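Worksheet for the structure shown next.
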Amino acid sequence: MRYLTTLLCLLSLLLVLAACGPTRGGGSRSDDDDATADDDDASDDDDASDDDDATDDDDATDDDDVTDDDDATDDDDVTDDDDAAPEGLSTCSQTGDRTVDQEGELTCGGDAIEWDWYSVTVSGGDCIDIFTDNDGLAADLLALAVDADLETSYGLQEDYSQLDDEAPCFTDPWNGFACPAASVTAESSGEFRIAIAQWGGDGCAAGAGYTVNIAVNGVDVSPSQTHDDTTIDDFFASP
């Protein structure tokens, strides 16, 4: 009962303060926006000379007309920072025989995943098949494909749907997932990059082995390794 009485007193006090206290602007309740009258007369913020008339922020010369941030040249049109994010590499259907193995070992990394990076020379439109498998240390592998433009990629999706869990592994990963496998279409001609890493966690084993198989237009190729145990940030600093 004492707490209810106290609460009622506090509510009564707040109502009194709301009725009598100053507003945020520092003026009285009868003239918050202009010096001589209230909010609704000809000299305040609602008449033809205030912020709502043809010369304020809502008319044809303000931030809502064709020259502001909402027209074809601002941040909302197809060429600005608010349009649809660039799509990743599209998939294709060709696979190789997956008989040319490139072998490597992986670290468990630290604060960032460390990757082994490979490169194959492609032409725009080529279909690049990627498959990577683990060894007896049961690594949970992931892969990343980066176009020759170094801007468009395939992999590292939040739902693990790209180059993560598409195929059975030589050894079931320690956490029960699967191995990366996908075929993607190169958008640009040049050096197409493939990166291999393993997820961290209780079962992550430093030195876990893997094989990676790459095919271009159905033909197995032997990729060149360009970086070893390198984070994504370090790779893009010196690709």
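The values are calculated or read from the model by the stated rules, or taken from the named source; none is laboratory data. Note that this is a predicted model, so its numbers are computed, not measured. Cβ sites come from the backbone with ideal geometry, for glycine too, and all protein chains shown count toward neighbours. Heavy atoms of the whole protein, side chains included, go into the accessibility calculation; ligands, DNA and RNA do not. Shrake-Rupley method; radii C 1.70, N 1.55, O 1.52, S 1.80 Å.
Observations on the structure shown:
- Note on region 94-180: enclosed strands (runs of 3 or more DSSP E) holding 2 or more residues that are under 18 Å from P239 (Cβ atoms) and small (G, A, S) are 141-146.
- Qualifying positions in region 170-217 - more than 23 Å from T121 (Cα to Cα), open to solvent by less than 20 Å² (accessible area, probe 1.4 Å) and of a type outside the set (G, A, S): P173, C179, Q198
- Residues in region 218-239 that are touching a residue at least 12 places away in the same chain (Cβ under 8 Å) and loosely packed, with under 15 Cβ neighbours inside 10 Å: G218, V219, S222, S224, Q225, D228, D233, F236, P239.
- Taken together, the criteria exclude T152 from residues that are of a type in the set (S, T, N, Q) and surrounded by 22 or more Cβ atoms within 10 Å (Cβ to Cβ).
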